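Everything below concerns the one structure shown next.
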Amino acid sequence: MQKVIIIKYGELTTKKDNISFFLNTLKNNILKTLSKYEFDLKMDMGRMFIYASDEVLPKIIQELQYVFGIHEIILGYIDNDLEIDAIKNNSLDLISKKEFKTFKIETKRSNKHYPITSMEISRMVGSHILKNIANINVDVHNPEVLFEIEVRQNEVLYFDTKYPTLGGYPVGTLGKGLLMLSGGIDSPVAGYLAIKRGVKLEAIYFESPPHTSIQAKNKVLELANILAKYNAKMKVHVINFTRIQEEILKKLPNEYLITIMRRMMYRIGERIAYRNKCLILVNGESIGQVASQTLTSMKAINEVVNLPVIRPVACFDKLEIIDIAKKINTYETSILPFEDCCTIFVPTHPVINPSREKCEEYEKMLDYEALINEAIKNEEIIIVGEEESNKKFDDIL
């Protein structure tokens with residue numbers, strides 16, 4: 001028997017006419033993720049098979065758990081001997097290495113010409129195991145060990161150990177988006193959820209030195225670096241927002257500071273997105289969480305762009321968002337005490353029902369087109385998620 005990693009596709013098999021595109025994208029993503037290892041990959045429309053040395057297999061499994069589009073990762077065995085005695089003995093050899101009191105055998109016979117039915121194979125294998133291992137029983141409803149066999153055209157698969165996966169769609173199958181990434185808890189979670197649905201992400205970060213610190217910038221780059229594990233790598237567009245923010249603070253009514261600031265960020269984000277062929281803007285807004293995230297505020301802010309704005313955590317409460325942040329390891333970085341553009345100069349009583357007319361009236365007090373053009377002209381681009389990129393920002397801890 002040869003040890004093999006078996007990858008099942010799950011949701012991707014529903015894509016019918018487009019399945020080849022989804023599977024080829026998944027294959028390419030896996031090849032990129034595992035590029036530092038020596039292995040062989042074979043695939044068909046039902047699953048992929050990865051062959052590697054015993055030393056490398058555990059590392060490959062760990063890497064694959066960050067790849068979206070995989071429904072199941074199974075460490076199994078493959079054997080070319082289709083004789084029933086070989087199936088019985090191989091099954092006994094594998095299951096005897098486990099500790100259990102109850103078990104169940106499930107057999108799938110994709111080779112319909114095989115002379116023994118699936119139920120008969122399961123019964124014969126189960127009987128052979130019961131004769132050779134003491135003090136165990138069959139439990140068809142809730143077994144401690146579910147041992148699976150698949151009889152294929154020219155080989156038999158034995159499914160041994162299953163590992164958790166992320167599911168979702170392969171990254172890149174649904175196009176590209178621009179994530180409005182801050183140093184908070186919500187936007188990294190929104191980015192993760194967008195990546196899970198197959199969206200390849202770039203990020204935009206607004207800094208405001210000297211009002212925001214280098215630690216705040218490095219915090220965001222570390223969040224982008226964490227997301228890059230799921231996204232292959234992450235291009236971060238860093239926009240100096242200082243002049244825009246200071247002009248807004250100096251000339252506009254206090255209660256409209258956040259609304260106008262967000263409208264400017266959206267305008268800049270849309271232009272960066274178009275330039276980089278991004279189809280959507282993605283942000284971490286959650287309905288009602290702060291003044292700029294009431295439905296009226298979202299509408300007033302959204303009106304300045306034509307690009308679709310996706311809000312993956314819009315209907316999540318804070319505790320639900322925190323749970324995901326902890327799961328994807330962004331939480332501890334997000335709570336580091338370094339303020340960003342969205343948290344400095346917060347008015348005491350921000351407007352929660354801004355009007356379009358008021359926004360446009362106040363924006364006439366700014367030469368915002370010139371300010372926006374200057375900010376975009378001076379953008380800084382940082383790539384994270386590649387070995388060389390780690391040298392581009394300091395340790396934030």
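Laboratory data are not the source of any read-out in this text; all were calculated from the coordinates shown. Values in this document were obtained by computation on a predicted structure and should not be read as measured data. We place every Cβ from the backbone using ideal geometry, glycine too, and count neighbours over all the protein chains shown.
Below are the figures for this structure:
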| read-out | value |
| --- | --- |
| MRE, 222 nm, helices only [DSSP H, n ≥ 4, -39500 (n - 2.57), over the chain, to nearest 500] | -11500 deg cm²/dmol |
| Local electrostatic count at residue 285 - Lys and Arg +1, Asp and Glu -1, tallied over other residues with Cβ under 10 Å | +1 |
| Mean separation of Cα contacts under 8 Å (6+ apart) over length of the range 2-163, as relative contact order % | 27 percent |
| Lys/Arg +1, Asp/Glu -1 at C-beta; the chain dipole; positive extreme among 384, 89, 291 | 89 |
| Footprinting exposure proxy for 380, 270 (fewest neighbouring C-beta atoms within 10 Å first) | 380, 270 |
| Exposure proxy order (Cβ contacts within 10 Å, fewest to most) of 17, 323 | 17, 323 |
| Which labelled figure in [x] 23.2; [y] 17.7; [z] 22.3 is mean projected area of the Cα convex hull in nm², once derived from the coordinates | [x] |
| Which of 82, 201 has the fewest Cβ neighbours within 10 Å, and the rest in rising order | 82, 201 |
| Relative contact order, percent, the chain [alpha-carbon distance under 8 Å, six or more residues apart] | 17 percent |
